[in-house]
Every structure is written in C-alpha cells, then in structure tokens.
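Here's the structure we're looking at; comments come further down.
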Amino acid sequence: MLNQWPPQYERSYIPPPYSKFWNKDLETMDPEEREQTVILPKLQAQLRYAYEKAPLYRKKWDEAGVKPEAIGSMEDFEQVPFITKEEIRQDQKENPPFGSYSCVPLKDVLRLHGTSGTTGRPTVFGISTDDWERIVEAHARIMWGFGVRQDDIVFIGSFFSLYMGSWGALGGAERLGAVCFPFGAGAPGQTERAINWMKETKPTVFYGTPSYSLYIAEKAKEMGVDPVKDFNFRILFFSGEPGAGIPSTKKLIEETYNGICIDSGSTAEMTPWMTNCECEYRQGMHLWQDIVYAELVDPVTKRRVPYGKQGVTVYTHLERTSQPMIRFWAGDISLWVNDPCPCGRTYPRLPKGIYGRVDDMFTIRGENVYPSVIEDVIRGIEGLGDEYQIIITREKAMDKLVLHVEPAKGVGPGIIPQLKQKLETELKRVLGVRAIVHLMEANTLERTEFKAKRVIDKRGLYEQSIKQE
Ligand SMILES: [Zn+2]
C-alpha cells in the first residue's frame with residue numbers, strides 16, 4: 001500500500017552492480033497486482049493533489065463532472081478528460097509564466113526549461129526541487145535497466161539549453177553514480193572535438209539523437225577515426241527522434257559503433273521523459289507504468305485500446321508536484337503489447353517504438369505517410385547513404401512526393417540508376433503511392449547536430465501563390 005505521496009527515495013541507494021534491476025519487486029511484479037497496489041493509489045493521490053492545487057484541472061474536471069474521490073479503478077480513470085498542448089499554452093498565456101497548473105510557489109522551483117516554440121508559443125517548464133530528485137531517481141533506475149553502471153563514462157552529445165533531453169540524461173547518470181561527460185553539441189567545430197575526446201577518454205555510453213550519432217560516425221571516418229576500434233561505446237541511447245526504434249536505423253547504429261542502441265523518450269512535458277525506454281534486450285520501449293502511467297487510446301473514440309492495437313499516447317504523472325500532467329494527449333502513434341520480455345520486467349512495451357507523431361504525419365493522395373516508414377525503407381537498401389529529405393509539392397492539384405537521397409560512400413556512378421529503381425519500387429510497395437527519387441551527390445544533404453528537419457511540405461506555398469495570382 002502507499003505509505004506516502006509523493007514518494008521519497010533514499011538518495012544514497014544504489015543496487016549491487018550485478019543486479020539486473022534497480023527495484024526488482026516493482027519491476028517484475030504481476031501487472032494486475034502492481035496496478036492495484038502501486039499505480040492506483042499513486043494515481044488517486046496525484047489526482048487529489050492536482051484537483052486541490054491546480055485551477056486548470058479543477059475547472060476542467062468540474063465541467064466534466066469528474067471528482068477525484070470517485071476514481072476507484074483504472075477503468076474509472078478513463079472518465080478524466082485529456083489535456084492538450086494547446087490548453088497548456090493557453091493557460092500559460094493567461095497565467096504566465098508557469099500556468100495555473102504549476103502548483104508550487106516560485107521559491108520551490110529549481111529549474112526552468114521550455115520547448116523551442118517552433119510550432120507556436122513556447123511552453124515553460126518550472127520543475128520543483130523535489131520533483132527533480134524524483135526525476136533523476138526514475139532516470140537512474142531506467143538507465144540501470146539498460147545496463148549503465150557506476151564505472152561507465154556517459155557522454156552527453158546533445159544541446160545543453162532549453163532542451164530537456166540532455167539535462168534528464170545527465171541527471172540520471174549523476175544519480176546512478178556513473179562518470180558524466182556533459183559534452184553538449186552545437187558549437188562550431190564541436191563535432192570534431194567530440195571525436196577527439198571520444199578517442200581520448202573512451203566513453204562507454206552515448207546519449208544524443210540518432211541522426212547526430214550517425215553524423216559523428218561519418219565525420220569520424222573522414223578524419224580517419226574508426227568508430228568501432230577507436231571509440232569504446234557499448235551502449236548508445238537516444239531520444240528526440242524516432243530513429244532508435246526504427247529497425248534498420250537501430251541495426252545501422254549498432255553496426256557503426258558495435259554497441260547496443262536503446263530507444264527512449266516520451267515528451268518534455270512528461271519529464272521523467274525516460275519512462276518510455278527499452279531494456280538491454282531492445283524489444284521495444286517498456287512503459288514504466290508506476291512512474292508515469294501511459295495509455296494508448298483510439299484517436300476517434302478516445303477509448304483505451306487493448307494490447308496488440310495501435311493508438312495515440314496519453315500520459316499521466318504519478319509523482320509530480322510541479323506542473324503535473326494528467327491524461328496529457330501527447331499525439332504520438334504507437335502499438336502496445338504485454339507479452340513477456342526476456343528481461344523479466346512485466347511492463348507493457350511499444351515493440352515498434354513511436355513510429356510517428358500525428359504532427360509529423362503527412363497525407364499524400366489520401367495515404368497517411370510517416371517519415372519513419374520512409375527512413376526504414378532507405379536504410380534497408382544497401383548502397384544508399386543515411387541522410388534523406390522528403391519534399392512534398394503539388395502540381396496541377398496533384399500531390400507529388402520527391403525524395404532526395406545520397407549514395408553511400410564508395411558507390412560508383414554505374415550503380416546509381418539501379419539504386420534509384422530499387423528505392424522507387426520499394427517505396428511504391430510500402431507507401432502505396434509513387435515517389436520520385438533523386439540521387440544527389442554524396443555529402444550534399446544538410447547534416448544536423450539535433451533533430452533533423454527532413455520533411456519539407458511546399459503545398460501550402462503553392463496554395464498561397466495561387467491565391468496571390
Ligand atoms: Zn525488457
């Protein structure tokens with residue numbers, strides 16, 4: 001039973017290094033029992049807290065006729081309305097800077113982070129000291145689950161800025177007692193320096209985005225550095241892009257570095273964002289349900305879908321006092337299963353990762369297309385490079401899908417027409433629509449140190465130009 005909410009964790013606790021689990025009882029518990037004895041009591045406490053402290057929730061739930069004390073089961077919980085990104089943004093606009101769901105006084109806020117705001121008003125995260133302690137505890141526990149130990153050197157190769165990812169990874173590594181190397185990314189010349197430092201200090205764990213890890217490897221080879229022989233990575237873990245959950249990209253990263261590739265990450269709003277994370281067996285991200293409760297719901301009926309089905313991710317904090325998210329509609333598409341994992345953990349899994357954000361999906365001639373599916377096709381064809389760009393235009397009211405790709409290094413011009421043909425055939429088979437492939441010269445597509453911008457939809461521009469005519 002729940003003794004205390006929010007839970008308090010022993011800050012000096014570390015399992016013995018041979019232990020596969022940070023908390024074996026909790027991680028391997030019968031799922032039904034865990035739901036009844038751990039998740040539900042935490043959820044009820046979190047709901048009462050949010051109702052009491054956050055005007056945003058109180059108003060919303062009153063309007064929906066939902067009272068926290070009436071939620072007696074996980075089925076009842078489905079009555080609680082969703083909260084969307086847009087509602088949060090609006091609430092922060094009206095109640096700056098943290099919104100009326102902040103729940104803690106300013107003196108208790110430890111960290112300020114935020115979204116980039118590329119798709120509208122940025123969202124401000126004000127995380128309390130107590131929450132941060134629980135966040136790093138959760139991250140340490142999950143990183144332990146994919147094999148990070150105290151004698152590992154964890155290289156954080158992503159931006160240290162507003163971006164929550166780097167800080168969350170660093171916090172987890174610190175709590176776990178690993179050697180932390182907060183290297184960052186994005187400054188001029190930093191990739192070359194990263195390569196030299198990796199060669200010199202031999203970090204064993206890498207964190208960043210999948211596209212950046214591949215860029216580093218490419219750059220290293222140009223510098224005459226072999227990512228397998230000259231580096232020493234045994235674990236590479238990622239968030240921020242779906243790549244690490246795409247089979248061909250996962251395989252490519254594992255072969256490139258000779259280490260295991262771990263997919264992780266929900267969204268920044270849900271920090272501890274690592275509660276979607278693979279174990280060392282890489283059978284899809286586990287949903288660490290007793291920290292953040294994840295549901296997959298049908299986008300139309302809005303009802304929870306059974307295991308084996310696809311749905312949209314909805315997340316609920318179970319131990320956040322600052323800016324708790326209750327049934328946050330994250331908008332990612334995934335499929336969930338609950339069959340056993342070789343690791344022994346009894347959490348459900350997302351065996352195909354998060355294969356698309358509803359936001360990333362585009363529709364071309366009536367077909368829904370996820371960029372991650374195109375990526376999987378490209379990386380499954382030998383002779384093609386890792387970078388690509390998807391360009392969507394409209395010609396005479398017809399959508400046109402153009403794909404820019406590069407040949408892999410060392411591929412002679414003689415084989416180019418064959419590669420183009422092969423990719424076009426495969427795309428037609430998988431997507432159901434025709435794509436026109438342009439094979440560019442090697443190294444002409446833009447490389448990124450962060451999330452790659454790979455879809456350029458020019459159809460809006462086309463419509464604008466029509467209006468102007
Ligand atoms: Zn597992």
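Among the residues of region 422-431, is there at least one that is of a type in the set (A, V, I, L, M), under 17 Å from PHE362 (Cα atoms), at pLDDT 85 or above and surrounded by fewer than 16 Cβ atoms within 10 Å (Cβ to Cβ)? Within region 422-431, one or more residues are of a type in the set (A, V, I, L, M), under 17 Å from PHE362 (Cα atoms), at pLDDT 85 or above and surrounded by fewer than 16 Cβ atoms within 10 Å (Cβ to Cβ). Within region 258-277, the set of residues being more than 16 Å from the ligand (Cβ to nearest atom) and either under 27 Å from LYS202 (Cα atoms) or assigned to a helix (DSSP H, G or I) (or both) comprises ASN258, GLY259, GLY265, ALA268, GLU269, MET270, TRP273.
Within region 332-373, the set of residues being more than 17 Å from GLY265 (Cα to Cα), within 19 Å of the chain's Cα centre (by Cα) and within 16 Å of the ligand (Cβ to nearest atom) comprises just one member, VAL337.
For first residues located in region 431-443 and touching a residue at least 12 places away in the same chain (Cβ under 8 Å), partners that are surrounded by 12 or more Cβ atoms within 10 Å (Cβ to Cβ) and polar (S, T, N, Q) and lie 6+ apart or on another chain with Cβ distances below 9 Å form the pairs MET440/GLN389. If only residues of region 315-331 that are crowded, with 24+ Cβ neighbours inside 10 Å and among the β-branched types (Val, Ile, Thr) are counted, the one that is nearest to the chain's Cα centre (by Cα) is THR316. Give me the residue from region 169-228 that is of a type in the set (Lys, Arg) and surrounded by fewer than 16 Cβ atoms within 10 Å (Cβ to Cβ) and, out of that set, farthest from ASP131 (Cα to Cα). Restricting to residues being of a type in the set (Lys, Arg) and surrounded by fewer than 16 Cβ atoms within 10 Å (Cβ to Cβ), the top hit is LYS221. Within region 387-421, being at pLDDT 90 or above and charged (D, E, K, R) holds for GLU406, LYS420. Only a single item in (1) assigned to a helix (DSSP H, G or I); (2) farther than 20 Å from LYS250 by Cβ; (3) among the charged types (D, E, K, R) is not met by LYS229, and it is number (1). Could you grab me the full set of residues in region 136-153 that are over 14 Å from CYS277 (Cα atoms) and part of a helix (DSSP H, G or I)? Correct list: VAL136, GLU137. For region 232-255, a residue qualifies if it is crowded, with 24+ Cβ neighbours inside 10 Å and out of contact with any strand residue (DSSP E or B) (no Cβ under 9 Å at 6 or more places or on another chain), and exactly one does: GLU241.
Of all the numbered requirements in (1) more than 25 Å from LYS42 (Cβ to Cβ); (2) surrounded by fewer than 22 Cβ atoms within 10 Å (Cβ to Cβ), VAL80 misses one, and that requirement is (1). Sub-6 Å Cβ pairs linking a first residue in region 378-395 that is more than 21 Å from GLN418 (Cβ to Cβ) to a second residue that is of a type in the set (Val, Ile, Thr), at least 6 apart or interchain, are ILE390/VAL455; ILE391/VAL402; ILE391/ILE456, ordered by first then second residue.
Being of a type in the set (Ser, Thr, Tyr) and modelled with pLDDT of 95 or more, is that true of even one residue in region 112-123? Lay out the reasoning, then the answer.
Let us first name the residues in region 112-123 that are of a type in the set (Ser, Thr, Tyr), namely 115-116, 118-119, 123.
So of that shortlist, the ones also modelled with pLDDT of 95 or more come out as none.
Checking region 112-123: not a single residue is of a type in the set (Ser, Thr, Tyr) and modelled with pLDDT of 95 or more.
Of the helices (runs of 4 or more DSSP H) that lie entirely inside region 1-89, those containing 3 or more residues that are within 26 Å of the chain's Cα centre (by Cα) span 24-28, 40-53. Just give me the residues in region 154-196 being without any contact (Cβ under 8 Å) to a residue 24 or more places away in the chain and either under 22 Å from ILE253 (Cα atoms) or part of a helix (DSSP H, G or I) (or both), in sequence order. Within region 154-196, LEU170, ARG193, ASN196 meet the criteria. The set of residues in region 283-300 being crowded, with 20+ Cβ neighbours inside 10 Å and within 14 Å of the ligand (Cβ to nearest atom) consists of GLY284, MET285, HIS286, LEU287, TRP288, GLN289.
Are any of the residues in region 388-404 part of a helix (DSSP H, G or I) and loosely packed, with under 12 Cβ neighbours inside 10 Å? No, region 388-404 has no match at all.
The values are calculated or read from the model by the stated rules, or taken from the named source; none is laboratory data. None of the values given here were measured: they were computed from a predicted structure. Reconstructed Cβ throughout: ideal geometry from the backbone, glycine too, with neighbour counts over all protein chains shown.
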